[in-house]
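Okay, structure first, notes after.
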Amino acid sequence: MRILGVLVAVGLLAVACGQQAPAAHPPTHSPAAAAIRLAGGGTLTAARPKASAIVYDTALAPAGASVNATAESGAVLATSTVTVAGLLPNRTYGVHLHVNPCGPKPEDAGPHYQHAHTHASADNEVWLDLTTDASGYATATATQDWAFVPGRLPRSLVIHAEKTVAAGTQAGAAGARIACVTLAEV
């Protein structure tokens, strides 16, 4: 009862001074950030209007190969996963998120998606390099300790011909772009 009287007195004093009374139950947490989920994939086909899974080099990504990708982000983490089937067996490919949707030309996907726009590294970009098994299947997942920025999201996943160079002046390089999957919000 005594605590209730003190709260009422503080509230009346605040109102008398032209201020708002303190909330009796302040919020215990802030609203959760909106989750972002991107997905894309399918059987790789030659570039054509509205194609979402494009092959640029059929020698390295044979007919019938498929790619499925997701990129998800909450308030503080981003997790991306790619699964491939039907690529060349026992081969390593570089895989990155890019800033633009896929297009008829490999360079249409633009540069690698970067979190801080400062340098190419596995901490600042999303690298999903993978090595296929004897049947051409592989999956890779990368988790970043940062979130995607609404309004500045990755729009494609590109498979490159080589493993990603991890350091030095060529950091982030992974050879020719052989396939691309456009990512869309789901």
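The values are calculated or read from the model by the stated rules, or taken from the named source; none is laboratory data. Note that this is a predicted model, so its numbers are computed, not measured. Every residue, glycine among them, receives a Cβ derived from its backbone with ideal geometry; neighbour counts consider all protein chains shown. Protein only, heavy atoms only, side chains kept; ligands, DNA and RNA dropped before computing areas. Shrake-Rupley method; radii C 1.70, N 1.55, O 1.52, S 1.80 Å.
Ranked by the mean number of other Cβ atoms within 10 Å of their residues, highest first, the peptides 174-184, 37-47 fall in the order 174-184, 37-47. The phi torsions of region 116-130, fed into the Karplus equation with coefficients 6.51, -1.76 and 1.60 and a -60° offset, translate into couplings of 10, 6, 10, 6, 8, 7, 5, 7, 9, 10, 10, 10, 10, 3, 9 Hz, rounded to whole numbers, with Gly and Pro shown as x.
Taking Cα centre as origin and charging only the Cβ of basic (Lys, Arg, +1) and acidic (Asp, Glu, -1) residues, the dipole magnitude of region 66-186 rounds to 220 debye. Once backbone amide H atoms are built at 1.01 Å from N, Thr45 has Ala53, Ile54, Val55 as its partners under 5 Å, excluding neighbours fewer than 5 places away on the same chain. Per atom type, region 46-160 shows carbon and sulfur on 56% of its accessible surface, probed at 1.4 Å. Protection proxy ranking, highest mean first, for peptides 68-79, 111-122: 68-79, 111-122, where packing is the per-residue count of other beta-carbon atoms within 10 Å, averaged. Once you reduce region 45-86 and region 118-157 to the center of their Cα atoms, the two points are 12 Å from each other.
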